[in-house]
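K.L.:
A single structure is presented below for examination.
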Amino acid sequence: MAIKDQPKPLMPHATATWLVDNTALSFEQIAEFCGLHILEVQAMADDLAGSKYTGRDPVHSGELTQGEIELGQNDPTYS
């Protein structure tokens, strides 16, 4: 199942924070998966977000597989 076809994560900001810190996915891919605007993801990556979120691992919570993350890292157009 493609990332864009999956339901949005329960905690999108925390999930985006984890993905920014732990993967090589593009900000666009992270924003699409989490249902956020790309500028929100950019602000998280630059530590400009007004709030700091504790990252939430979407693999551990069953919202994403490691294989899907690897597909996205290897193909920036994968969504």
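The values are calculated or read from the model by the stated rules, or taken from the named source; none is laboratory data. All of these numbers come straight from a predicted model, not from anything done at the bench. When we count neighbours, we look across all protein chains shown, and the Cβ atoms used for this are built from the backbone with ideal geometry, even at glycine.
K.L.:
Just to be sure I understand the filter: pairs with C-beta atoms under 6 Å, separated by 6 or more residues or on different chains, first member in the stretch 4-25 and touching a residue at least 60 places away in the same chain (Cβ under 8 Å) and farther than 14 Å from His60 by Cβ, second member in a loop (DSSP other than H, G, I, E, B) and of a type outside the set (Val, Ile, Thr). Which pairs pass?
P.N.:
Lys4/Ser79
K.L.:
Here is a follow-up. Mind listing whichever residues of the stretch 63-77 are free of Cβ contacts under 8 Å to residues at least 12 places away in the same chain and surrounded by 12 or more Cβ atoms within 10 Å (Cβ to Cβ)? Spell out how you get there, then give the answer.
P.N.:
So the first thing to find is which residues in the stretch 63-77 are free of Cβ contacts under 8 Å to residues at least 12 places away in the same chain, and the list is 65-67, 70-71, 74-75, 77.
Listed by number, the residues that qualify are Thr65, Glu70, Leu71.
K.L.:
Would you pick out the residues in the stretch 36-56 that are at pLDDT below 95 and either out of contact with any helix residue (DSSP H, G or I) (no Cβ under 8 Å at 6 or more places or on another chain) or not in a helix (DSSP H, G or I) (or both)?
P.N.:
Once the filter is applied, which keeps residues that are at pLDDT below 95 and either out of contact with any helix residue (DSSP H, G or I) (no Cβ under 8 Å at 6 or more places or on another chain) or not in a helix (DSSP H, G or I) (or both), the stretch 36-56 yields Ala43, Asp46, Asp47, Leu48, Ala49, Gly50, Ser51, Lys52, Tyr53, Thr54, Gly55, Arg56.
K.L.:
Let me ask another. Filter the stretch 4-28 down to the residues that are part of a loop (DSSP other than H, G, I, E, B) and under 8 Å from the mean Cα position of the chain (by Cα) and list them by number.
P.N.:
Leu25
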